[in-house]
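Reading through the structure tokens given below for one structure.
The values are calculated or read from the model by the stated rules, or taken from the named source; none is laboratory data. These figures come from a predicted structure and were not determined experimentally. Cβ placement follows ideal geometry from the backbone for every residue including glycine, while neighbour counts extend to all protein chains displayed.
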Amino acid sequence: MIMIGFVAIYVLTSSVVAIALQTKGINWSKLSSQRPPANHAMMSLLVTLMIFCIICVIWFSPRIFAWHRRLVIGLPVLLLLAYIIMMPVSAPVITIGTYPVFTIEAIICYEHPNRILAWLTAIYLMMWVAYSWIVGWIMALVTMQAFVFVMAIVFYYWRFYQRQVAERRRVEALYDELQLAYQQVEASAIRTERQRVARELHDTLTQGLAGVVMQLEAASSFLDQSKPQRAKEIIDTSVDSARNALQESRTTLTELRSTTEESLPARLQLTTEAIRKNYRITTTIQLSEIPDYSPSQLTEITRIVTEALTNVAKHAETDQALITSQLHDDIFKLKIIDFGTGFDITAKPKHGHFGLQGLQERAQQLNGVITVLSSPGEGTTVTLTLPTERKELA
């Protein structure tokens, strides 16, 4: 609008315009009931005042919209008409210059600006018809060429703006869908985690305490029967059971705590620390590059390591273990190595020894396999081999 004001002042104060009109046989008196003002300063002040009023209307358009939405465009158009009536010589400059300003404002202010743009264009065309009737069709044609060019730019902007708005709405709808899906997944994950915690505590703490209670009840019964030796044996057994339940509970709670860690080394550090406290086994961790696994994959890997180290504590008769890793050709290998007694892998496993079936089941969820290498007196190596693909486990 400031640029339009400067151009209008130039047109009104330039003698070139009057000369050009006279050479085309156009009388200046047809354009204005008064002669060209001699006081250029007064004329410039009047133009500045009118432009300032239009700028103020645009500046306060949010408040005007809240008061009466139609005045957002109607009020500046009325000011424009008053300006053209007072200074018709600069009508081409004002009409061509203000059309994109008002149309863009209409596009931004109204959600469906089609009708507003149609009325605005009709008003400007009527002003052009009145102008052509005053100055003739030649000058009107020159003005129309410029006006059509500006209209093309404005409608191109309108179409571009509409595409941007449609794309933004599509992205917002997609974002809302993703938010809903995330909330559903989060709720499902919380529900699944609660069920898993309940199952883990039931398998360790609850069953262990139930066994201890039954044994203590039996010991109490033997004491009532004056059989202290038998009662002592049962109490010793219950102490061992309670100690085992405590160890398994610590391991379970450590595993649950490790799920908050984002990296596999941090999770394994917590697990090996719990194994050290429970079973006095020192585990050295030597990990190379780790694939970008999901939290659920890291949880399953940590469980496999926990179960393997627990087997080492129970059966390997050693206080040293080692965890190493290798990454080659999209294949990740994690090895749990102990330096204990080892065993004959061809022999039928004893009941409760080396829960290889549980390890294999966990590995299958990762699309991986478990291999065991061992021989008597040479220790045991449990290797988890799995692809590096990241995915969320059920």
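Any idea how many residues of the range 283-298 are surrounded by 13 or more Cβ atoms within 10 Å (Cβ to Cβ) and modelled with pLDDT of 85 or more? Write out each step before concluding.
First, the residues of the range 283-298 that are surrounded by 13 or more Cβ atoms within 10 Å (Cβ to Cβ): 283, 285, 287, 290-291, 293-298.
If we keep only those that are modelled with pLDDT of 85 or more as well, we get 283, 285, 287, 290-291, 293-294, 297-298.
Going through the range 283-298 one residue at a time, the tally reaches 9.
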**Message:** Looking at the structure I just gave you, is Leu81 crowded, with 18+ Cβ neighbours inside 10 Å and either closer than 17 Å to Val150 by Cα or of a type in the set (A, V, I, L, M) (or both)?
**Reply:** no
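Anything in the range 149-177 that is aliphatic (A, V, I, L, M) and more than 23 Å from the chain's Cα centre (by Cα)? List them, or say none.
If the condition is that a residue be aliphatic (A, V, I, L, M) and more than 23 Å from the chain's Cα centre (by Cα), then Val150, Met151, Ala152, Ile153, Val154 are the ones that fit.
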**Asked** Got a sec? Which of Gly342, Gly377, Gly358 is farther than 15 Å from Leu268 by Cβ, surrounded by fewer than 14 Cβ atoms within 10 Å (Cβ to Cβ), out of contact with any Leu (no Cβ under 6 Å at 6 or more places or on another chain) and free of Cβ contacts under 8 Å to residues at least 60 places away in the same chain?
**Response** Gly377
**Request:** Among the residues of the range 57-77, write down those that are part of a helix (DSSP H, G or I) and in contact (Cβ under 8 Å) with a residue 24 or more places away in the chain.
**Result:** Ile58, Ser61, Phe65, Val72, Ile73, Pro76, Val77
**Message:** Go through the range 73-114 and report how many residues are among the small types (Gly, Ala, Ser) and under 30 Å from Val165 (Cα atoms).
**Reply:** 3
**Message:** The conditions are (1) farther than 22 Å from Val148 by Cβ; (2) surrounded by 15 or more Cβ atoms within 10 Å (Cβ to Cβ), and Val101 fails exactly one of them. Which is it?
**Reply:** (1)
